[in-house]
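Written out below as structure tokens is the structure these notes cover.
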Amino acid sequence: MVNKKKSVTGSEAGGILLKKGLIVDGTGKKSYIGDVLVKGNRIEAVAAHDLKFRGRTIDCSGKVIAPGFIDAHSHNDFVMARKDHRKYTGPFAAQGITTFVAGNCGFSAAGFEKNSSYRDCIETGGGFFNNSHIPWSTMDDYRAVVQRQGLTHNMVNLVGHGTSRMSIRGFNPAPMSGDEMKKLLALLGEAMEQGCCGVSLGLQYEPGIFATGDELKQVAQLVRKHDRILTVHLKAYSSLSPTYPLIPFGKAHNLLALDEMLKLARETGCRLQVSHLIFVGSDTWDTCGKALDMIDRAVRDGVDVKFDTYAYHCGASVINVVLPAWFLGRVPEVFDDKWALRRLKLEFMVIKRLLGFGYEDIQITNMGKPDLDKYNGMFLKEIANARNMDQFDNYIDLVKRTGGNAGVLNHRYSNLDNIKDLMRHPASLFMTDSWVAPEGVQNPASFGCFPRFLQYARDFRNISLEEAVWKMTGATAERFGVKKRGLLREGYAADITIFDWKSVRDNNTDKNTNTTPSGIEAVFINGRKVVDGGTVNGSIQAGILL
């Protein structure tokens with residue numbers, strides 16, 4: 001344990017000396033035993049020799065001193081706007097995370113038309129979250145509210161293409177008009193001018209699924225003009241997906257989706273970040289190597305592309321994520337079209353047979369409906385059996401009754417070999433893609449993802465300690481333009497995580513998905529100690545907007 005001679009809940013005028021720890025500085029370079037001196041919210045000194053200091057000292061012998069972990073793909077911009085956000089962000093601090101890159105998958109908490117007639121869609125986060133009335137529209141207004149309330153973590157924002165588009169025309173599937181495109185580009189441009197590090201796309205969700213190639217090209221060109229980053233939830237992450245026509249023996253849909261975005265980056269010169277590179281369904285797992293080869297080839301061609309990944313075989317989404325654009329574009333009347341339902345059922349049957357992903361792999365986390373919440377935690381196949389319904393009919397009924405917004409954990413997202421390969425790839429960054437839900441079953445990534453990365457690095461030796469820390473600190477800070485963070489370096493912000501390399505681990509199981517990890521000893525955010533001995537002090541609002 002970290003030596004705790006007295007409890008410290010904030011920075012001290014005299015500073016804090018972290019003594020004789022294993023310094024892993026976030027650059028990927030070899031670690032060494034040394035001291036780190038913190039004064040106020042900054043790192044005063046980092047040295048491989050004893051620093052002379054008379055103030056507060058913490059003995060870190062046998063522990064790793066690292067930069068605070070940066071979550072490269074977060075949705076906590078919606079959470080941070082809540083007045084009660086502290087009870088939802090604590091688990092991220094407990095796993096060593098000090099900074100969120102938020103606003104991913106096309107959905108952001110701001111960046112929409114002020115007098116939009118589609119605010120009800122926006123206020124549910126496109127189906128991801130359940131927020132009350134949002135009193136802001138611009139990123140400046142949102143940031144002012146969040147700063148006034150205080151933040152538990154640092155946060156850098158992306159603006160969601162889907163959110164901005166939704167505010168203009170809801171879920172209308174038709175191509176955007178010239179005037180609508182001008183509004184969309186103006187909203188995205190304004191948000192970047194107000195501090196956003198880039199634009200996120202959600203091409204498997206409404207309304208991003210309806211975006212044309214020309215629309216995406218204009219957005220990418222705008223991002224390139226602002227010298228920011230374009231993150232993308234691809235159109236497909238499985239070898240067969242309803243997003244594309246089902247052509248026997250054609251190119252795997254996930255590779256087709258990746259190729260489309262790599263071509264977009266080549267054509268526009270934008271920096272591309274592929275969100276949560278996963279391989280859904282057992283028959284998709286062997287495409288991992290091909291996808292990484294495509295990324296390697298693009299990098300050799302001069303494309304600036306990286307991807308982020310998590311350490312689990314499951315991931316959070318909403319129940320309608322598997323529905324194709326041709327179906328979503330006709331909601332709600334399509335639910336009464338027996339021929340459309342027959343077509344969709346047939347597509348699902350083909351995908352199940354050829355892909356190895358089906359109803360038994362989709363777990364409901366939160367229905368959000370009192371009469372259905374008894375099924376939270378169950379898989380769709382189990383729910384259909386309990387309701388004595390056909391599998392497809394049960395699924396469609398739940399989509400209708402929850403408005404497509406029921407939270408799910410999709411399983412069989414990859415296998416362990418995929419995860420190890422993704423971790424070691426030079427273009428990968430680490431993230432959680434998660435949030436703590438007010439009700440229902442939790443995503444384990446909210447509680448143990450970063451410790452699980454460290455655990456895998458230690459146990460499988462697929463990457464070194466230094467490289468693992470680099471991917472979750474310095475590399476991520478550089479990728480998203482987070483200045484003066486991500487490294488243990490003089491003058492940098494005092495975001496620091498202290499952990500036990502020998503014992504750090506994720507403690508979640510398939511049944512218990514909200515368990516505190518082991519081995520995260522202390523966490524400092526801007527010089528304030530928010531985790532002590534693995535316990536989070538939720539009263540401290542130490543974060544800032546970046």
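A few points about this structure:
- Hits in the stretch 49-79 (condition: within 20 Å of residue 450 (Cα to Cα) and among the aliphatic types (A, V, I, L, M)): 64, 65, 66, 70, 72, 79
- In the stretch 131-142, the qualifying residues are those that are in contact with a Phe, Trp or Tyr (Cβ under 9 Å, 6 or more places away or on another chain) and in a loop (DSSP other than H, G, I, E, B), and the one that is modelled with the highest pLDDT is 138.
- Sole residue being modelled with pLDDT under 90 and farther than 23 Å from residue 450 by Cβ, chosen from 35, 84: 84
- Meets criteria (in a loop (DSSP other than H, G, I, E, B) and either among the small types (Gly, Ala, Ser) or closer than 30 Å to residue 227 by Cα (or both)) for residue 414: yes
- Filtered residues of the stretch 499-527 (kept if assigned to a strand (DSSP E or B) and crowded, with 20+ Cβ neighbours inside 10 Å): 499, 520, 521, 522, 523, 524, 525
- Filter result for the condition that a residue is at pLDDT 90 or above and surrounded by fewer than 21 Cβ atoms within 10 Å (Cβ to Cβ), over 325, 340: 340
- Number of the condition not met by residue 214 [criteria: (1) under 20 Å from the mean Cα position of the chain (by Cα); (2) in a helix (DSSP H, G or I); (3) within 21 Å of residue 189 (Cβ to Cβ)]: (1)
- Residues of the stretch 164-196 that turn out to be within 26 Å of the chain's Cα centre (by Cα), of a type in the set (A, V, I, L, M, F, W, C) and under 17 Å from residue 221 (Cβ atoms), as a count: 8
- Taking residues in the stretch 330-352 that are among the β-branched types (Val, Ile, Thr), and partners anywhere that are surrounded by fewer than 17 Cβ atoms within 10 Å (Cβ to Cβ), the pairs with Cβ atoms closer than 6 Å and at least 6 places apart or on different chains are 334/340; 350/246.
Results for (1) among the β-branched types (Val, Ile, Thr); (2) surrounded by 15 or more Cβ atoms within 10 Å (Cβ to Cβ); (3) part of a helix (DSSP H, G or I); (4) not assigned by TED's automatic domain parsing to the domain that holds residue 281, shown as yes or no for each residue.
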{"residue": "347", "(1), (2), (3), (4)": "no, yes, yes, yes"}
{"residue": "357", "(1), (2), (3), (4)": "no, yes, no, yes"}
{"residue": "364", "(1), (2), (3), (4)": "yes, yes, no, yes"}
{"residue": "374", "(1), (2), (3), (4)": "no, no, yes, yes"}
{"residue": "382", "(1), (2), (3), (4)": "no, yes, yes, yes"}
{"residue": "385", "(1), (2), (3), (4)": "no, no, yes, yes"}
{"residue": "404", "(1), (2), (3), (4)": "no, yes, no, yes"}
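- Candidates 272, 258 - the one that is part of a strand (DSSP E or B), under 24 Å from residue 213 (Cβ atoms) and either in the same structural domain as residue 401 (by TED's automatic domain parsing) or not basic (Lys, Arg) (or both): 272
- Unmet criterion (only one of (1) buried (at least 20 other Cβ atoms within 10 Å of the Cβ); (2) β-branched (Val, Ile, Thr); (3) out of contact with any Ser or Thr (no Cβ under 7 Å at 6 or more places or on another chain)) for residue 212: (1)
- Near pairs, Cβ below 9 angstrom, 6+ apart or cross-chain, from the stretch 479-501 (under 30 Å from residue 459 (Cβ atoms)) to any residue that is of a type in the set (Asp, Glu) and part of a loop (DSSP other than H, G, I, E, B): 485/495; 486/495; 487/25; 488/25; 489/25
- Filter result for residue 413 (without any contact (Cβ under 8 Å) to a residue 60 or more places away in the chain and touching a strand residue (DSSP E or B) at 6+ places or on another chain (Cβ under 8 Å)): no
- Picking from residues in the stretch 237-261 that are among the aliphatic types (A, V, I, L, M) and modelled with pLDDT under 95, the one that is surrounded by the most Cβ atoms within 10 Å (Cβ to Cβ) is 240.
Okay, residues lined up against (1) part of a loop (DSSP other than H, G, I, E, B); (2) crowded, with 24+ Cβ neighbours inside 10 Å:
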site	(1), (2)
263	no, no
266	no, no
278	yes, yes
282	yes, no
288	no, no
292	no, no
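- Note on the stretch 294-306: residues that are crowded, with 21+ Cβ neighbours inside 10 Å and in contact with a helix residue (DSSP H, G or I) (Cβ under 7 Å, 6 or more places away or on another chain) total 3.
- Every condition in (1) at pLDDT below 95; (2) within 14 Å of the chain's Cα centre (by Cα) is met by residue 157 except one, and the failing one is (1).
- Listed conditions (1) surrounded by fewer than 24 Cβ atoms within 10 Å (Cβ to Cβ); (2) touching a helix residue (DSSP H, G or I) at 6+ places or on another chain (Cβ under 8 Å); (3) of a type in the set (A, V, I, L, M, F, W, C); (4) in a loop (DSSP other than H, G, I, E, B) are all met by residue 196, apart from (1).
- Screening the stretch 51-100 for residues that are hydrophobic (A, V, I, L, M, F, W, C) and part of a loop (DSSP other than H, G, I, E, B) and picking the one that is farthest from residue 19 (Cα to Cα) gives 81.
The values are calculated or read from the model by the stated rules, or taken from the named source; none is laboratory data. Computed from a predicted model, the values in this text were never measured in an experiment. As a convention, Cβ positions derive from the backbone with ideal geometry for all residues, glycine included, and neighbour counts pool all protein chains shown.
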